[in-house]
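Beneath this line is the structure, given in structure tokens, with notes to follow.
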Number of protein chains: 2
Amino acid sequence: MLASLAKLGFHWSGRIPAVVPESCLLIMVGLLVGGVIYGVRHAAPPVLSADAFFLYLLPPIVLDAGYFLPGRLFFENLGTILWYAVLGTLWNVLGIGASLYGVCRLGPWGLGEVSLLHCLLFGSLIAAVDPVAVLSVFEKIHVNEQLHILVFGESLLNDAVTVVLYKLFESFLQMPSVSGLDVLAGGCQFVVVGLGGLCVGLFFGMVAALTTRFTARAQVIAPLFVFLYSYLSYLTSEMLHLSGIMAIVTCAVSMKQYVEANVSQESNTTIKYFLKMWSSVSETLIFIFLGVSTIQDVHMWSWPFVSATLFLCLFWRALGVLLLTAVMNKLRRNPVTFRDQFIIAYGGLRGAICFSLVFLIDDFPKKRLFITTTIVVILFTVFVQGMTIKPLVELLEVKRRKRAPTTVSEEIHSRLLDHLLSGIEDIVGYWGQHYWKDK
Amino acid sequence: MLASLAKLGFHWSGRIPAVVPESCLLIMVGLLVGGVIYGVRHAAPPVLSADAFFLYLLPPIVLDAGYFLPGRLFFENLGTILWYAVLGTLWNVLGIGASLYGVCRLGPWGLGEVSLLHCLLFGSLIAAVDPVAVLSVFEKIHVNEQLHILVFGESLLNDAVTVVLYKLFESFLQMPSVSGLDVLAGGCQFVVVGLGGLCVGLFFGMVAALTTRFTARAQVIAPLFVFLYSYLSYLTSEMLHLSGIMAIVTCAVSMKQYVEANVSQESNTTIKYFLKMWSSVSETLIFIFLGVSTIQDVHMWSWPFVSATLFLCLFWRALGVLLLTAVMNKLRRNPVTFRDQFIIAYGGLRGAICFSLVFLIDDFPKKRLFITTTIVVILFTVFVQGMTIKPLVELLEVKRRKRAPTTVSEEIHSRLLDHLLSGIEDIVGYWGQHYWKDK
């Protein structure tokens, strides 16, 4: 209730949301609430538990994102998105982890006890670009659709990679020694976790699509199946240690076309607006809790570690985007421009996923330093990057989204071309992009 | 998920729901599930806890009922509804309680230890007509609007009376002796509990109406306020030991006009369909749990007690309706016909409210008998009365609902008459029904 009223307040004022992203305002409300609780109780306010976050707050947001994913755009750019999400994330994790280890070892700042594995573990969580933070900032700045889907798609799909790496390094930490075979097995896990989530999502998506065929006489409970099956796909996937985010996104994408055709207009509106409402509430709660949880007794500060992490996050991401795009542009028909690359690198906002993961680390002497650093990185990316990205987009004259809706003629022609191309591919006997899209 | 799929199954078959009410089918599914659990675990399946029922399952149903209450019809018949709900319920409770005490005392069936207060306590819960059961049966039989609102309105408003009586007798049971003053204080409680709930509901309804005025720029969270404020009114009211049902109904009724005018068309659709979905899910769960909870180890059977209770419930209700209507008809312009009276008496279905209350009784030797009897009464009313009421309505040729929507001319004329009558009342200086409706 408090969060919703706060949100209402911002929007009513009209001028503030134009400058400061809502996420920043909500974090500030959270800081305020946390401060009040701390002042009154003389104890740290409750922290957003990882369970509450992963089981209750994250799924609605990802479901909403998946259900309203611009399918055409997403699949046309799937190659590039995967390129960034898999290779880019690996690059960031290894780069940040290794250089942080170097920083800890080199200087006289008493961080010598932090092992390489701890640094890599920290790297894997701090490299996780957060879909919630990205969505909340990019929704307002209206960059062109392709740039938007690249940043947002990466933030959705890198979950599989970061979670696998995080669990991998965590299990390595508990082993007495790590052999080459363990590393290889870890590498295979990517494929299992990612594709496994995909399969679970596809299965539940198809079952949901089938179920909604039979709701004609019980229209009132039709939307329920959309929510139930997609949540079930998430839970099943998490239970099997697969990527829940991949599962729920796949489930939503695969059921959407069928559900929309099967259920009534009113049910469609209910699904659409309820999803929007639900994800908006979850997002609000996440940012408020981020603020509240910042007020803590557990902080441990180290200038070199914190500033090195901040710098390395920016540095490795920028370098990674530059290198990966240089390779990728050779294969793309419409290359990603330099300005777009800058926004991709700069738009790598961190959020509640890192925050929840850092609390899950097994206790070791420097865990408190990791927590503090994570909070600083999140606040820096959300506040500084989130607030300056809009002026930067304007300054760089990044291509914006077209406002005009597609004309009937445009739609007919693009449909015709789609069918034509998939027909040609069929005749030629080549199962390419258009064949699969048609399928 | 199971419940929703079961529901889908009934409706798909098409012919079963025309004969058997959905509530019966759901109870049967519950019995089946309970039987399977019992067979597999060799222990009683989980019982629907009173907390889960009163805090999670009941509010959505009552909110839905309140939000879609036909306001005009309800307020035109408010006098008669209150007459039935307050005097009728008192009559039933005292009648059933006293005669059951007689039955226990008279016969050689070893029930002598059941005190008068215990009988009255049992009477207060077994007399509670259940809005959920009434709604689920009457929605399908399409009797005329006036008869519908009389039965349904009574089932909604008798909550305040039964809960007060229940708590009163419960506190009397714990006192060493009961003085005349205690009885008087108990009498005053009605007014406090009923009017208190009304005030709480009105307060939150007004706050909600005001809040939705400011949602123009945050349309997406507008429906949330409807749910939050009405639930808050329910919780606040229950916390203060007032009637939560009164509060949430009042809240919904008082906010509805304003909310509908304040929020967008899509938000209205979302509110409407989400409420319908939510209450339908709650109702389904309640009936399934009723079935599941019937499979128990705690049953205690006594032919005389069970059959006496069943007979007395029917007898006192029928007598009460006859007597009360005879008095009321002198004051009404369009009297309640004899056929309508029969349906009112016959439509007094019991449901999950009795069931939850009976488990809350403090342990005493014959509590298990009370539980068994309550379940029998619920199953009898839902199955036998619920299934025969439709043929009876047809046999008695009870006036049905008009199917045609109101014409524009009808609407204009009824509006004109409303304004005219309230104008006349204003000039005459008499604050009557029309003045208040206009207000």
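The values are calculated or read from the model by the stated rules, or taken from the named source; none is laboratory data. Quick caveat: nothing in here was measured; it's all calculated off a predicted structure. Glycine gets a Cβ as well: all are built from the backbone with ideal geometry, and neighbour counts include every protein chain shown. Please note that ligands, DNA and RNA were not included when accessible areas were found on the heavy atoms of the full protein model with its side chains. Shrake-Rupley method; radii C 1.70, N 1.55, O 1.52, S 1.80 Å.
Summary table
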item: Residue list for the stretch A:229-239, filter: within 11 Å of chain B (Cβ to nearest Cβ) and open to solvent by less than 20 Å² (accessible area, probe 1.4 Å); result: A:229
item: Candidates B:94, B:73, B:82 - the one that is more than 20 Å from residue B:126 (Cα to Cα), open to solvent by 20 Å² or more (accessible area, probe 1.4 Å) and not hydroxyl-bearing (Ser, Thr, Tyr); result: B:73
item: Test: residue in the stretch A:112-128 that is touching a strand residue (DSSP E or B) at 6+ places or on another chain (Cβ under 8 Å) and within 30 Å of residue A:25 (Cβ to Cβ); result: no
item: Residue in the stretch B:391-410 that is assigned to a helix (DSSP H, G or I), out of contact with any strand residue (DSSP E or B) (no Cβ under 6 Å at 6 or more places or on another chain) and under 30 Å from residue B:117 (Cα atoms) present; result: no
item: Among residues of the stretch A:335-382, those that are among the aliphatic types (A, V, I, L, M) and farther than 17 Å from residue A:154 by Cα, counted; result: 12
item: Test: residue in the stretch A:298-307 that is surrounded by 21 or more Cβ atoms within 10 Å (Cβ to Cβ) and away from chain B (no Cβ under 14 Å); result: yes
item: Given (1) modelled with pLDDT of 85 or more; (2) within 29 Å of residue A:220 (Cα to Cα); (3) not hydroxyl-bearing (Ser, Thr, Tyr), number of the condition residue B:40 does not satisfy; result: (2)
item: Selection status of residue A:55, within 24 Å of residue A:294 (Cβ to Cβ) and in a helix (DSSP H, G or I); result: yes
item: Qualifying position, being in contact (Cβ under 8 Å) with a residue 24 or more places away in the chain and over 17 Å from residue B:5 (Cβ atoms), among A:196, A:180, A:187; result: A:196
item: Options A:181, A:202; residue that is more than 14 Å from chain B (Cβ to nearest Cβ) and either closer than 11 Å to residue A:247 by Cα or open to solvent by less than 50 Å² (accessible area, probe 1.4 Å) (or both); result: A:202
item: Qualifying residue in the stretch A:275-282 (condition: more than 14 Å from chain B (Cβ to nearest Cβ), open to solvent by 50 Å² or more (accessible area, probe 1.4 Å) and in contact (Cβ under 8 Å) with a residue 12 or more places away in the chain); result: no
item: Exclusive hit being loosely packed, with under 12 Cβ neighbours inside 10 Å and within 30 Å of residue B:318 (Cα to Cα), set B:379, B:395, B:417; result: B:395
item: Selection count, the stretch A:1-43, where residues are more than 12 Å from chain B (Cβ to nearest Cβ) and surrounded by fewer than 17 Cβ atoms within 10 Å (Cβ to Cβ); result: 13
item: Helices (runs of 4 or more DSSP H) wholly inside the stretch B:58-173 containing at least 2 residues that are without any contact (Cβ under 8 Å) to a residue 60 or more places away in the chain; result: B:89-106, B:116-126
item: Restricting the stretch A:258-271 to residues that are touching a residue at least 40 places away in the same chain (Cβ under 8 Å) and not aliphatic (A, V, I, L, M), the residue that is surrounded by the most Cβ atoms within 10 Å (Cβ to Cβ); result: A:270
item: Single residue of B:220, B:226 found to be β-branched (Val, Ile, Thr), farther than 30 Å from residue B:371 by Cβ and open to solvent by 40 Å² or more (accessible area, probe 1.4 Å); result: B:220
item: Residue in the stretch B:140-157 that is open to solvent by 10 Å² or more (accessible area, probe 1.4 Å) and within 14 Å of chain A (Cβ to nearest Cβ) present; result: yes
item: Residue tally, condition under 25 Å from residue B:173 (Cα atoms), over 20 Å from the mean Cα position of the chain (by Cα) and either without any contact (Cβ under 8 Å) to a residue 24 or more places away in the chain or in a helix (DSSP H, G or I) (or both), over the stretch B:334-370; result: 5
